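Visitor: Sharing a structure here in structure tokens format.
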Amino acid sequence: MPVKLVYGGKLTESDPKDFPVVIVGQLPHLTSITFDDVKVKLEPRVNKETFSLAVSSLRPSPTDTCPLWLRNATLAALPLKSSRHNTPSRAHSLSKLVKGCLSGQDEFVVIVCERKDVFALGCAVARILPLYSGKSGQSSVDYTLTVDFLLVGPDKDKPLTKDDLHCLSASAHGIRLAAEIVDKPCSHMNTDDFVKEAETVARELQITPYIVRGEDLKEKGFGGIYNVGRAAEHPPALVVLSHKPEGATKNIAWVGKGIVFDTGGLCIKARTGMCGMKRDCGGAAGILGAFYGAVKLGFSENLHAVFCVAENAVGPLATRTDDVYTHYSGRTVEVNNTDAEGRLVLADGVAYARKDLKADVVVDMATLTGAQGIATGKYHGSIVTNDENMELWCVKAGQNSADLVHAMPYSPELHFPEFNSAIADAKNSVADRSNAQVSCAGLYIASNLGFDYPGIWLHIDMAAPVHNGERATGYGVALLTSLFGQMSQNSLLNYVAPPMSIQETMEVESEDSSKKIRRY
């Protein structure tokens, strides 16, 4: 059975003999607490002297652990240093430490940290608790992992509120939902299954979804989604969930690539390259989890989640290279690579966001290019945006949430000519693969939004951080909810959100030209 994850803001009494416990934090934070602060989780098995000796023995390089009582009570130290492109919370190290200490029964994790790191570290635990398993003989016994926070530093005397704990619970649910969708193989998560997942979220949030499926996509002009998915047994779909609270004045659209499996189409992938392509719906899964969390936590503006769902299959109806199709934007594309299908479906999604949803801000998120992992690695998603402020905010939100990102160049005049076609508005794959592939892929999507788009556009390529080894990470949920945290009614999201409000900057440009929004 999946682990039940519970968050608490106050330590309760428990015996390590019955309830194993891990106490984890940065070494300066661990040395700032006393045995009296944690004895309710350790007595009668651990005394003050043992605890003090354990703290003094820690030599994190980069991490360290010390058993306090058998394997049932453990003290763990996070890395001492964090580089400027990492998260100050050391969340990735916390995930590894906690995962290595879990015993598989009712247990506790006590995180010793400052308030500013609560969100990132709380989400870090959720990322290591997958919901999906295809193994036989799984235990039917439920067990609960309780994460308690012991605050140090500024605001340590202000305990976490119910509102704060609700934020962690909703975000954790979104992260684990996204990871579950990505972990499930196409035999369990085809396009129909993904639509059902979106409908389930819609019912819980009391939203009526808008769904366009199969041949209706062709009739309505969604040439990208339709033609990518038409060869599969299960039809492609556009699914839109819209949250419209009273008093909202802005429209935010999150557009997700939902390729439930990617063979590469007729430009078929190699045997080894095709393994793991169940994860190609990671962008849409992350947006579904983030949408759930954002709405649950009181998003104050209109928020639309647009899912571009298809299976890129091989068959008699599969898209051919040289085919020319028309996107929802009206732009035509000459297909020169059927394995560059993600941008084809997202092009329809962002065009719908502009034309039908009248979005002021459009964010698309996708497992789009293998080049992303080369450019920014396994932990940082790559971002491309037409807005300088958004670039800075997104990097900051990544550090605050531990869904890290790093900026790619935004130079349409230098990179978009890679898509030149003699017979259509553009080809779908670049002429020169050595010329900023990640940026180019994003620009193809932006071209269907329109380079004249007056709003803010952000592209997030998260092909590598969508998984860690053979397990999904739920990447993107914490990033999006914290990035747009200023539009939430939740105090913890407000606290971790980038310092400048996207909403305010859209409405008012500074008179100081050096602070104006810079767009192409």
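The values are calculated or read from the model by the stated rules, or taken from the named source; none is laboratory data. Because the structure is predicted, anything quoted here is derived from the model rather than measured. Cβ placement follows ideal geometry from the backbone for every residue including glycine, while neighbour counts extend to all protein chains displayed. When the accessible area is computed, the model is the full protein with side chains, heavy atoms only, and any ligands, DNA or RNA have been set aside. Shrake-Rupley method; radii C 1.70, N 1.55, O 1.52, S 1.80 Å.
Visitor: It is to be established whether one or more residues within the range 494-504 are at pLDDT 95 or above, in a helix (DSSP H, G or I), open to solvent by less than 30 Å² (accessible area, probe 1.4 Å) and not β-branched (Val, Ile, Thr).
Guide: Checked against the condition, which is being at pLDDT 95 or above, in a helix (DSSP H, G or I), open to solvent by less than 30 Å² (accessible area, probe 1.4 Å) and not β-branched (Val, Ile, Thr), the range 494-504 yields no hits at all.
Visitor: Taking the condition in contact with a Cys (Cβ under 6 Å, 6 or more places away or on another chain), of a type in the set (Ser, Thr, Tyr) and not in a helix (DSSP H, G or I), does Thr74 pass?
Guide: It is true that Thr74 is in contact with a Cys (Cβ under 6 Å, 6 or more places away or on another chain), of a type in the set (Ser, Thr, Tyr) and not in a helix (DSSP H, G or I).
Visitor: Residues to consider are Arg320, Arg271, Arg343; find the one that is farther than 25 Å from Phe119 by Cβ, touching a strand residue (DSSP E or B) at 6+ places or on another chain (Cβ under 9 Å) and not acidic (Asp, Glu).
Guide: Working: Arg320 fails: touching a strand residue (DSSP E or B) at 6+ places or on another chain (Cβ under 9 Å); Arg271 fails: touching a strand residue (DSSP E or B) at 6+ places or on another chain (Cβ under 9 Å).
Answer to the selection: Arg343.
Here's the yes/no breakdown for (1) without any contact (Cβ under 8 Å) to a residue 40 or more places away in the chain; (2) surrounded by fewer than 24 Cβ atoms within 10 Å (Cβ to Cβ); (3) not aliphatic (A, V, I, L, M):
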site	(1), (2), (3)
Gly221	no, yes, yes
Val228	no, no, no
Gly264	no, yes, yes
Ala270	yes, yes, no
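Visitor: Taking Lys378, is it part of a loop (DSSP other than H, G, I, E, B), open to solvent by 30 Å² or more (accessible area, probe 1.4 Å) and not aromatic (Phe, Trp, Tyr)?
Guide: yes
Visitor: Exactly one condition in (1) surrounded by fewer than 19 Cβ atoms within 10 Å (Cβ to Cβ); (2) at pLDDT 95 or above; (3) closer than 30 Å to Gly381 by Cα is false for Thr31; which is it?
Guide: Only one criterion is unmet by Thr31, namely (3).
Visitor: Give the residue that is most open to solvent (accessible area, probe 1.4 Å), with candidates limited to residues of the range 313-360 that are over 21 Å from Leu449 (Cα atoms) and of a type in the set (Asp, Glu).
Guide: If we take residues in the range 313-360 being over 21 Å from Leu449 (Cα atoms) and of a type in the set (Asp, Glu), then Asp322 is most open to solvent (accessible area, probe 1.4 Å).
Visitor: For the range 6-18, indicate whether the set of residues that are under 30 Å from Gly134 (Cβ atoms), in contact with an Asp or Glu (Cβ under 9 Å, 6 or more places away or on another chain) and crowded, with 16+ Cβ neighbours inside 10 Å is non-empty.
Guide: Scanning the range 6-18, I find at least one residue that is under 30 Å from Gly134 (Cβ atoms), in contact with an Asp or Glu (Cβ under 9 Å, 6 or more places away or on another chain) and crowded, with 16+ Cβ neighbours inside 10 Å, so the answer is yes.
Visitor: For the range 173-251, please list each of the helices (runs of 4 or more DSSP H) lying entirely inside it that holds at least 2 residues being in contact with a Ser or Thr (Cβ under 6 Å, 6 or more places away or on another chain).
Guide: Because the criterion is at least 2 residues that are in contact with a Ser or Thr (Cβ under 6 Å, 6 or more places away or on another chain), the helices (runs of 4 or more DSSP H) in the range 173-251 that meet it are 223-229.
Visitor: Could you tell me whether any residue of the range 284-304 is buried (at least 22 other Cβ atoms within 10 Å of the Cβ), more than 30 Å from Gln489 (Cα to Cα) and in contact (Cβ under 8 Å) with a residue 24 or more places away in the chain?
Guide: No; the residues of the range 284-304 include none that is buried (at least 22 other Cβ atoms within 10 Å of the Cβ), more than 30 Å from Gln489 (Cα to Cα) and in contact (Cβ under 8 Å) with a residue 24 or more places away in the chain.
Visitor: Considering the range 29-63 alone, what residues qualify as being in a helix (DSSP H, G or I), under 17 Å from Lys10 (Cα atoms) and either of a type in the set (Ser, Thr, Tyr) or in contact with an Asp or Glu (Cβ under 6 Å, 6 or more places away or on another chain) (or both)?
Guide: The one that is in a helix (DSSP H, G or I), under 17 Å from Lys10 (Cα atoms) and either of a type in the set (Ser, Thr, Tyr) or in contact with an Asp or Glu (Cβ under 6 Å, 6 or more places away or on another chain) (or both): Val40.
Visitor: (1) more than 22 Å from Thr369 (Cβ to Cβ); (2) surrounded by 24 or more Cβ atoms within 10 Å (Cβ to Cβ); (3) not aliphatic (A, V, I, L, M): which one isn't true of Glu233, the others all being true?
Guide: (2)
Visitor: Mind checking whether some residue in the range 109-118 is open to solvent by 30 Å² or more (accessible area, probe 1.4 Å) and either in contact with a Lys or Arg (Cβ under 8 Å, 6 or more places away or on another chain) or farther than 18 Å from Pro62 by Cα (or both)?
Guide: Yes, the range 109-118 has at least one match.
Visitor: Condition first: touching a strand residue (DSSP E or B) at 6+ places or on another chain (Cβ under 8 Å) and not basic (Lys, Arg). Can you find one or more residues in the range 131-141 that meet it?
Guide: No, the range 131-141 has no match at all.
Visitor: Another question, if that's okay. Looking at (1) surrounded by fewer than 24 Cβ atoms within 10 Å (Cβ to Cβ); (2) within 16 Å of the chain's Cα centre (by Cα); (3) not β-branched (Val, Ile, Thr), which is the one condition that is false for Ala402?
Guide: Going through (1) surrounded by fewer than 24 Cβ atoms within 10 Å (Cβ to Cβ); (2) within 16 Å of the chain's Cα centre (by Cα); (3) not β-branched (Val, Ile, Thr) one by one, Ala402 breaks only (1).
Let's see how each residue does on (1) buried (at least 24 other Cβ atoms within 10 Å of the Cβ); (2) assigned to a loop (DSSP other than H, G, I, E, B); (3) touching a strand residue (DSSP E or B) at 6+ places or on another chain (Cβ under 8 Å):
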{"site": "His406", "(1), (2), (3)": "no, no, yes"}
{"site": "Pro409", "(1), (2), (3)": "no, yes, yes"}
{"site": "Arg433", "(1), (2), (3)": "no, yes, no"}
{"site": "Gly442", "(1), (2), (3)": "yes, no, yes"}
{"site": "Asp452", "(1), (2), (3)": "no, yes, no"}
{"site": "Trp457", "(1), (2), (3)": "yes, no, yes"}
{"site": "Ile460", "(1), (2), (3)": "yes, no, yes"}
{"site": "Tyr475", "(1), (2), (3)": "yes, yes, yes"}
{"site": "Leu479", "(1), (2), (3)": "yes, no, yes"}
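Visitor: For the range 115-151, which positions are hydroxyl-bearing (Ser, Thr, Tyr) and closer than 22 Å to Asn72 by Cα?
Guide: Those that are hydroxyl-bearing (Ser, Thr, Tyr) and closer than 22 Å to Asn72 by Cα: Ser139, Tyr143, Thr144, Thr146.
Visitor: Name the residues in the range 300-352 that are closer than 21 Å to Ile456 by Cβ, in contact with a helix residue (DSSP H, G or I) (Cβ under 6 Å, 6 or more places away or on another chain) and aromatic (Phe, Trp, Tyr), would you?
Guide: Those that are closer than 21 Å to Ile456 by Cβ, in contact with a helix residue (DSSP H, G or I) (Cβ under 6 Å, 6 or more places away or on another chain) and aromatic (Phe, Trp, Tyr): Phe307, Tyr328.
Visitor: For residues that are more than 17 Å from Arg71 (Cα to Cα) and of a type in the set (S, T, N, Q), scanning just the range 10-56, find the one that is farthest from the chain's Cα centre (by Cα).
Guide: Per the stated criteria, the residue is Ser52.
Visitor: Quick check on the range 421-431: of everything there that is in contact with a strand residue (DSSP E or B) (Cβ under 7 Å, 6 or more places away or on another chain) and not small (Gly, Ala, Ser), which residue is most open to solvent (accessible area, probe 1.4 Å)?
Guide: This residue is Ile423.
Visitor: I've got another one for you. Is one or more of the residues making up the range 195-209 at pLDDT 95 or above, over 15 Å from the mean Cα position of the chain (by Cα), buried (at least 19 other Cβ atoms within 10 Å of the Cβ) and acidic (Asp, Glu)?
Guide: yes
Visitor: Output the qualifying pairs, or none if there are none: Cβ atoms under 7 angstrom, residues six or more apart or on different chains, first residue in the range 53-67 and more than 17 Å from Ile33 (Cβ to Cβ) and of a type outside the set (Ser, Thr, Tyr), second residue in a helix (DSSP H, G or I) and open to solvent by less than 50 Å² (accessible area, probe 1.4 Å).
Guide: Taking only residues 6 or more apart or on different chains, the pairs are Pro62/Ser93.
Visitor: Restricting the range 135-176 to residues that are at pLDDT 95 or above and of a type in the set (D, E, K, R), which is most open to solvent (accessible area, probe 1.4 Å)? Give the steps one after another, and end with the answer.
Guide: Our first condition is that a residue be at pLDDT 95 or above; within the range 135-176, this holds for 144-152, 160-176.
Narrowing the set further to residues that are of a type in the set (D, E, K, R) leaves 148, 162-164, 176.
Values: Asp148: 4, Lys162: 179, Asp163: 59, Asp164: 8, Arg176: 23 Å².
That would be Lys162.
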